[in-house]
1. Please name all residue pairs, on different chains or six or more residues apart, with Cβ atoms under 8 Å, provided the first residue is in region 192-209 and is outside any loop (DSSP other than H, G, I, E, B) and the second residue is open to solvent by less than 40 Å² (accessible area, probe 1.4 Å).
2. What do you reckon, is ASP360 over 30 Å from PRO146 (Cβ atoms), loosely packed, with under 15 Cβ neighbours inside 10 Å and touching a residue at least 60 places away in the same chain (Cβ under 8 Å)?
3. Any idea which residue in region 186-214 is surrounded by the fewest Cβ atoms within 10 Å (Cβ to Cβ), counting only those that are within 23 Å of PRO146 (Cα to Cα) and over 25 Å from the mean Cα position of the chain (by Cα)?
4. What number goes with the only condition from (1) closer than 17 Å to PRO207 by Cβ; (2) in contact (Cβ under 8 Å) with a residue 60 or more places away in the chain that TYR365 does not pass?
5. Which residue pairs have Cβ atoms under 6 Å apart, sit 6 or more places apart or on different chains, and have a first residue in region 40-59 that is within 16 Å of ILE482 (Cα to Cα) and a second that is modelled with pLDDT of 95 or more and among the aromatic types (Phe, Trp, Tyr)?
6. Return the residues of region 296-311 that are in contact (Cβ under 8 Å) with a residue 12 or more places away in the chain, over 20 Å from THR354 (Cα atoms) and either out of contact with any Asp or Glu (no Cβ under 8 Å at 6 or more places or on another chain) or open to solvent by less than 10 Å² (accessible area, probe 1.4 Å) (or both); say none if nothing qualifies.
7. If you scan region 60-85, which residues turn out to be hydroxyl-bearing (Ser, Thr, Tyr), crowded, with 17+ Cβ neighbours inside 10 Å and not in a strand (DSSP E or B)?
8. Checking SER245 against (1) free of Cβ contacts under 8 Å to residues at least 40 places away in the same chain; (2) surrounded by 20 or more Cβ atoms within 10 Å (Cβ to Cβ), which single condition isn't satisfied?
Amino acid sequence: MVFGEKIMKLLLSMLLSFVFFNVNALELNKISGYSTFSWDEGGSEILAYDSQRNRIFVTNNLTKSVDVLDITRLPYTEKLISIKPRAGVGGINSVAVSEQAGLLALAIEAEDKQDNGAVLFYNLNTLKLAFGYSVGALPDNVVFTPDGKYALVANEGEPNDDYTVDPKGSVSIIDLNKWFVGPSEDKIRNINFYYNGAPEGGRIVKPGSSFLYDAEPEFIAVSGDSKRAYVALQENNVIAKIDISLGIVTDYFGLGYKDWSQSALDASNKDNRVNIQPWPVKGMYQPDTMVVVSKEINGEMYDYVLMANEGDAKDYDGFSEEVRVADLTLDPSVFPNASELQKKSNLGRLKTTTTMGDADGDGFYEEIYTYGGRSFSILDGNTGQIIYDSGNDIAVRTAFSGFFNWNEDAGSFDDRSDDKGAEPEALTVGEIDGRTIAFVGLERQGGIMMYDITGMVKPKFLGYFNGRNFFGDGTKQTGGDISPESLVFIPADKTPPLYHVRKGTPLLIGAYELSGSTAIYEVIID
């Protein structure tokens, strides 16, 4: 591996920090799990937990069902049943639990993804279908407000592959007050995303489209007081803020662009080495999973929005923005060393977009953009400003582990450097001994990063865990747990009775998309 002097110094300082100052580091210990014995079939993607009944609900798109796992007698995990919605529906994209409302929610796409989908609600006690609502196209995420009074659905509204049909992205707000009386159409409101052009720091991706149709909501996070929701419009690099009771968008926060010339990244998968260095590239944050931590300060409520900056492009047969830097014609007045930059071992392999960077439309690109922040960030929900970004911390720490920017395959060292790096996607937050801890799942690299974010502006690294076998074969079930898609934290006071393991220990549950597995970990404080 080859590092610049700056990176070597950073690694040394990190090592010293870990050894001498990280006395409250965290470790994960896998105590149980469940496998669908599938590979790359979405056998385990999105999960939710019912602490009253010690049940995990995890979507299984191999069978178009939700597997119900009982963990009452840990370390034993038992599959109880699978919940299968009616025939003639598409995949189940999301699942959520509200113990306050006594409901389980499933977000289900239509067989034709451009048609309206549905959200089905089940009685959490009996697991019998209670009611359902038609929502927008491609419901991709469903969440409950903490008080259980509302369910919110992010309807992504993706176009078809020819890009001849492009539904509006939307959010559905469902009023659950007296749900047991029965559903009624006056209890559901649908919000679209109107904006003249794009918010500053955001973008319209497809030329000629409007923000109304171009916006594709990916994920929703709700404030602790159940009053506000934050919606990730991932490809657009925008967060929309919603007043839940009024059912309106109150703010759009364009996230702006990360200056990789002031930080450092590895941009090539063709040099077979770690080469983390500054490059003249701007990164779109483009978060996927988000979590809101709400705090009352001097009598006012402040929302801090944590974002896992995965990144995503629009890439369809009818329209694709995605090319490599080697395919651009770089402006020689800005990039006099263009031929050197565009070598495969430098920036040539990096995925970029044709829709940004050529401000005057002359065919010469003055700026280079890439997808995803390769980081997690904290956004001030009041101002829309990013108050913290982890920079290249994930890249440097995973490089230091000896396994760097792998994809799902064995022997794929450095393979994802030209794309989105380790690809942080899953995210959850928990309270341990009065500290707020963030767990960040790395979709491609695999593994989970842990940070103390109590002070918000200066998070502290606590540990890194990876449960995959980098030399195993996932197709033969020897690769371990690969590609964390979602994470759920269970505080110590809501864990089930633990058999043969430590009692009163917080747990972390991970759903792993490619390996089709669910893992249950103890969170251990050193």
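1. ASN192/GLY169; ASN192/SER170; ASN192/LEU212
2. Considered against the rule, which asks whether it is over 30 Å from PRO146 (Cβ atoms), loosely packed, with under 15 Cβ neighbours inside 10 Å and touching a residue at least 60 places away in the same chain (Cβ under 8 Å), ASP360 comes out as no.
3. Ranking the qualifying residues of region 186-214, first place goes to ASP186.
4. (2)
5. SER44/TYR512
6. If the condition is that a residue be in contact (Cβ under 8 Å) with a residue 12 or more places away in the chain, over 20 Å from THR354 (Cα atoms) and either out of contact with any Asp or Glu (no Cβ under 8 Å at 6 or more places or on another chain) or open to solvent by less than 10 Å² (accessible area, probe 1.4 Å) (or both), then ASP303, VAL305, LEU306, MET307, ALA308, ASN309 are the ones that fit.
7. Hit for region 60-85 is THR77, nothing else.
8. The one condition SER245 does not meet is (2).
The values are calculated or read from the model by the stated rules, or taken from the named source; none is laboratory data. No experiment lies behind these values; they were computed from the predicted model shown. Every residue, glycine among them, receives a Cβ derived from its backbone with ideal geometry; neighbour counts consider all protein chains shown. For accessibility, only protein heavy atoms count, side chains too; no ligands or nucleic acids. Shrake-Rupley method; radii C 1.70, N 1.55, O 1.52, S 1.80 Å.
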